[in-house]
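Q: Supplied in structure tokens, the structure appears directly below.
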Amino acid sequence: MNVVRKSLAGQRWEAVEVLDYKPSGSHFRHISRQVLFDRPGDIDAQLRYFAIEADGHSTLERHGHTHAVVVLSGRGRVLIGERIHSIAPFDLVTVPSGAWHQFRADQGLPLGFLCLVAADRDRPQRPGEEELSRLREIKEVSDFIVV
Ligand code: MN
């Protein structure tokens with residue numbers, strides 16, 4: 001394993017594959033995933049890089065594990081729990097256990113961010129009809145979410 005893998009043009013890295021965000025689905029749009037570190041040495045975590053193209057979004061989901069996010073490029077907004085936040089480079093975002101969340105890139109600007117997660121983690125859940133209608137009771141959230 002190379003101890004240094006150089007960055008490449010276009011938010012790529014040596015020896016890092018660009019992967020689909022998730023295997024399939026219509027609940028996300030224009031997003032790719034790169035695993036930069038996968039349980040390196042004694043660190044029981046993964047560090048991923050996500051690129052969301054302009055106007056794309058991640059899945060609306062929640063799970064027991066936590067996300068620690070560092071925005072690297074672009075601009076966007078994120079739903080965490082019941083609030084929408086604007087995000088820009090170098091902002092730090094914590095998605096707590098159990099919080100509904102969705103990342104969206106602004107129109108015309110892609111959004112790139114690092115996301116740290118535990119290597120062993122639970123699977124994301126998407127909202128059911130009941131949870132969706134509860135989320136949609138909050139106008140700001142209703143206007144924001146894409147499912
Ligand atoms: Mn998540």
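Q: Run down GLN107, GLN102 and say which single residue is within 16 Å of the ligand (Cβ to nearest atom) and either part of a helix (DSSP H, G or I) or farther than 30 Å from ASP42 by Cβ (or both). Break it down into steps so the answer makes sense when it comes.
A: Values: GLN107 fails: within 16 Å of the ligand (Cβ to nearest atom).
Criteria check complete, one pass: GLN102.
Q: Considering each of ILE43, ILE84 in turn, give the residue that is β-branched (Val, Ile, Thr) and either assigned to a strand (DSSP E or B) or within 14 Å of the chain's Cα centre (by Cα) (or both).
A: It is ILE84.
Q: Criterion first (under 26 Å from LYS6 (Cβ atoms), away from the ligand (no atom under 14 Å from the Cβ) and out of contact with any His (no Cβ under 7 Å at 6 or more places or on another chain)) does ASP91 satisfy it? Talk me through it step by step, then tell me what you get.
A: Values: under 26 Å from LYS6 (Cβ atoms): yes; away from the ligand (no atom under 14 Å from the Cβ): yes; out of contact with any His (no Cβ under 7 Å at 6 or more places or on another chain): yes.
Judged against the criteria, ASP91 is a match.
Q: Here's a follow-up. Evaluate the following for ALA51: is it in contact with a Lys or Arg (Cβ under 9 Å, 6 or more places away or on another chain), hydrophobic (A, V, I, L, M, F, W, C) and assigned to a loop (DSSP other than H, G, I, E, B)? Give the derivation first.
A: On the way: in contact with a Lys or Arg (Cβ under 9 Å, 6 or more places away or on another chain): yes; hydrophobic (A, V, I, L, M, F, W, C): yes; assigned to a loop (DSSP other than H, G, I, E, B): no.
No: the conditions fail for ALA51.
Q: Filter segment 71-110 down to the residues that are in contact (Cβ under 8 Å) with a residue 40 or more places away in the chain, under 24 Å from ARG12 (Cβ atoms), buried (at least 17 other Cβ atoms within 10 Å of the Cβ) and in contact with a Leu (Cβ under 9 Å, 6 or more places away or on another chain) and list them by number.
A: Correct list: VAL71, PHE103, ARG104, ALA105.
Q: Is it fair to say LEU36 is away from the ligand (no atom under 15 Å from the Cβ), part of a strand (DSSP E or B), modelled with pLDDT of 95 or more and within 21 Å of LYS22 (Cβ to Cβ)? Steps first, answer last, please.
A: Working: away from the ligand (no atom under 15 Å from the Cβ): yes; part of a strand (DSSP E or B): yes; modelled with pLDDT of 95 or more: yes; within 21 Å of LYS22 (Cβ to Cβ): yes.
Taking the combined requirement at face value, the residue satisfies it.
Q: Same structure again: Mind checking which residues of segment 111-147 are buried (at least 17 other Cβ atoms within 10 Å of the Cβ) and either more than 14 Å from the chain's Cα centre (by Cα) or not in a strand (DSSP E or B) (or both)?
A: PRO127, LEU135, VAL141, PHE144, ILE145
Q: Looking for whichever is touching a helix residue (DSSP H, G or I) at 6+ places or on another chain (Cβ under 6 Å) and within 16 Å of the ligand (Cβ to nearest atom) here; the options are LEU60, LEU79, LEU116. Which one fits?
A: Details: LEU60 fails: touching a helix residue (DSSP H, G or I) at 6+ places or on another chain (Cβ under 6 Å); LEU116 fails: touching a helix residue (DSSP H, G or I) at 6+ places or on another chain (Cβ under 6 Å).
Unique residue meeting the criteria: LEU79.
The values are calculated or read from the model by the stated rules, or taken from the named source; none is laboratory data. Quick caveat: nothing in here was measured; it's all calculated off a predicted structure. Glycine gets a Cβ as well: all are built from the backbone with ideal geometry, and neighbour counts include every protein chain shown.
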